[in-house]
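The structure appears right after this line, and notes come after that.
The values are calculated or read from the model by the stated rules, or taken from the named source; none is laboratory data. No experiment lies behind these values; they were computed from the predicted model shown. These accessible areas exclude ligands, DNA and RNA; they are computed on the full protein's heavy atoms, side chains included. Shrake-Rupley method; radii C 1.70, N 1.55, O 1.52, S 1.80 Å.
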Amino acid sequence: MKGRRVARPRAEQHVRLEPQEVHCQSCGEWMPVAYHAHRKILTIKGLVQLRLVVRRCPNPACQAYKHPYRPEEEGLWALPHGECGLDLIALVGRLRYREQRSAPEIQRILQERGLRVCERTVEHLMHRYEELVTLHLSCQQ
Ligand SMILES: [Zn+2]
């Protein structure tokens, strides 16, 4: 039993993100807060509950009228509609392609970090990583 630690699921964290920009990029009008959006993201530090402040242009004459303006930082956390953090995708990609780990091994490593993931999620993350690498390579051409 030497050196063996039992991983406990980490406590859920709450993070609030706000748009840096409070004026409409089209007309310059100050945008009031319209609503809050919520997203759950699984990161390498555990599950994070994002609370996103969304603003909207109030000017009916503007082409961006009522167009939602979400926090800029949101894109650094996860892909649109994704439930897994980019940091987690990067970790899985490194384990798979640099360290040649199999999906069950990666699952075990993540579980040792206290992240509750099933093997299907690990495979999903491996595919997301491949897509991002492909996208990155095609952008460089
Ligand atoms: Zn506007």
>> Before I look further, what does the range 1-118 give for accessible area per residue, probe 1.4 Å, in whole square angstrom?
In response: 66
>> Suppose only helical runs count, i.e. DSSP H with n ≥ 4. What mean residue ellipticity at 222 nm does that imply for the chain under -39500 (n - 2.57) per run, divided by all residues and rounded to the nearest 500 deg cm²/dmol?
In response: -9500 deg cm²/dmol
>> Quick one: 3J(HN,Hα) in Hz for the range 33-40, Karplus 6.51/-1.76/1.60 with θ = phi - 60°, rounded, Gly and Pro as x.
In response: 5, 8, 6, 10, 10, 10, 9, 9
>> Suppose the Debye formula is applied to equal point scatterers at every Cα of the chain; what is log10 I(q)/I(0) at q = 0.12 Å⁻¹?
In response: -0.63
> Looking at the range 11-76 from every direction and averaging, what is the projected area of its Cα convex hull in nm²?
Replying inline: 4.4
>> How large a share of the accessible area of the range 11-76, in percent, is made up of carbon and sulfur atoms when the probe is 1.4 Å and the other protein chains stay in place?
In response: 50
> For the Cα atoms of the chain, what angle does the longest principal axis make with the long axis of helix 119-140, in degrees from 0 to 90, nearest 10?
Replying inline: 60
> Cα-Cα pairs above 15 Å in the range 84-141: how many percent?
Replying inline: 44
> Once all Cα-Cα distances of the range 55-99 are split into 5 Å bins that start at 0, what whole-number percent is in each one?
Replying inline: 5, 19, 15, 13, 14, 10, 8, 6, 5, 4, 1, 0
